[in-house]
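Right, one structure below, let's go through it.
The values are calculated or read from the model by the stated rules, or taken from the named source; none is laboratory data. A quick note: this is a predicted structure, and the numbers were derived from the prediction, not measured. Don't worry about glycine lacking a Cβ; one is built from the backbone with ideal geometry, like all the others, and counts go over all protein chains shown.
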Amino acid sequence: MTAIAEETASAAGGKHVAVIGFGAMGRAVTTSLAARGGPALIRTALLRPGSAAPLPDDVTRVTSVDDLIAARPDLVVECATHAAVATSVPALLAAGIDVVIASVGALGKPEIHAAVTQAAARGGSRAIVATGAIGGLDALRSAACAGLSSVLYTGIKPAAAWTGTPAEEVLDLGALTAPATFFEGTAREAAERFPKNANVTAAVALAGVGFDATRVRLVADVAGGNRHEVSAEGPFGSFHIALTNAPLPDNPKTSWLAALSVEQAILRQFQHLEA
Ligand SMILES: NC(=O)c1ccc[n+]([C@@H]2O[C@H](COP(=O)([O-])OP(=O)(O)OC[C@H]3O[C@@H](n4cnc5c(N)ncnc54)[C@H](O)[C@@H]3O)[C@@H](O)[C@H]2O)c1
């Protein structure tokens, strides 16, 4: 049994967790928590009005933020869209409910970032950024305390994954014979121009030196999976981290690690020892 499993298995009582959105990530987290048998279970799901998404019998459907607040969950996890962060998360935070945010890229918009942080301050609650598909953010956060001279995030995906994005204006994605860089700029520019890929960029920016000082390089490769690299330098020294992520079986666009990071954030919220 892992340390997390031991702690959660020994914790008393079942915590009520609600999810916003019941797509691939919401389903994966719900199933995995249920398989653990506690101490936290997804018991409420906020869906869009008219959504026909089937829910497990023990998950209650609500279709408004007011009804979700009335259900008084111990924690809410947002697993929906960037738009849902703007429309649903501030009211929950203002009502004193902590929220784990998976659609981190939404926080690249200054007005959403401000709405979320101000609502949390008003409600005495916390907005928790899921580490998502990336790792090493603990080291980045620590190193940032002494200042960082450079942070570079490199996102590498197979060419097909970049179709329908501005990468097509720079590269003939179907004719690639070698990895090609099609974007270099700030995290803010990257989040604006490549919103579907903004989550990792935003998580790195928020943990380190912010959206304007974080540099981003996006690469189309001929093959291989989704890869993420972060390099940071500063008075602390330097580090380089590289991940290759497997997709979530239900949604090839979402990394399995991202769903696991939401599950881990839930378990961590109710642990007595944060490791
Ligand atoms: N942080 C990361 O590294 C990372 C990685 C992958 C995905 N994500 C993000 O996590 C989110 C969920 O991913 P997924 O794979 O489950 O996507 P998905 O498309 O499979 O599921 C999203 C679900 O949310 C629902 N939804 C949309 N707007 C809603 C709203 N306003 N209220 C309630 N439900 C709403 C949709 O109908 C859909 O069922 C996405 O925004 C995605 O960008 C983050």
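Against the definition (assigned to a helix (DSSP H, G or I) and either of a type in the set (Val, Ile, Thr) or at pLDDT below 95 (or both)), how does ILE69 come out, yes or no?
On the way: assigned to a helix (DSSP H, G or I): yes; either of a type in the set (Val, Ile, Thr) or at pLDDT below 95 (or both): yes.
It is true that ILE69 is assigned to a helix (DSSP H, G or I) and either of a type in the set (Val, Ile, Thr) or at pLDDT below 95 (or both).
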Within region 96-132, residues surrounded by fewer than 24 Cβ atoms within 10 Å (Cβ to Cβ), of a type in the set (A, V, I, L, M) and within 10 Å of the chain's Cα centre (by Cα) come out as ILE128, VAL129
The condition of being within 10 Å of the ligand (Cβ to nearest atom) and at negative phi holds, among ALA91, ALA35, ALA95, ALA84, only for ALA84
Of all helices (runs of 4 or more DSSP H) fully inside region 191-272, the set with 3 or more residues that are under 16 Å from the mean Cα position of the chain (by Cα) is 198-207, 256-269
Log entry, pairs with first residue in region 18-41 being in contact (Cβ under 8 Å) with a residue 12 or more places away in the chain, second being aromatic (Phe, Trp, Tyr), beta carbons closer than 7 Å, six or more apart or on different chains, reads PRO39/PHE270; ALA40/PHE270
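How about region 145-188: which of its residues are farther than 14 Å from PHE211 by Cα, of a type in the set (Gly, Ala, Ser) and surrounded by fewer than 20 Cβ atoms within 10 Å (Cβ to Cβ)?
Filtering region 145-188 for residues farther than 14 Å from PHE211 by Cα gives 145-147, 149, 154-183.
Right, trim to of a type in the set (Gly, Ala, Ser) and you get 146-147, 149, 155, 159-161, 164, 167, 174-175, 178, 180.
Within region 145-188, ALA146, GLY147, SER149, ALA160, GLY164, GLY174, ALA175, ALA178, ALA180 meet the criteria.
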Picked from region 67-81 (must be in contact (Cβ under 8 Å) with a residue 24 or more places away in the chain and more than 13 Å from the ligand (Cβ to nearest atom)), the residue surrounded by the fewest Cβ atoms within 10 Å (Cβ to Cβ) is ARG72
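Let me confirm something: among SER88, SER142, which residue is assigned by TED's automatic domain parsing to the domain that holds HIS240, within 20 Å of the chain's Cα centre (by Cα), part of a helix (DSSP H, G or I) and hydroxyl-bearing (Ser, Thr, Tyr)?
On the way: SER88 fails: assigned by TED's automatic domain parsing to the domain that holds HIS240.
Just one listed residue meets the conditions, SER142.
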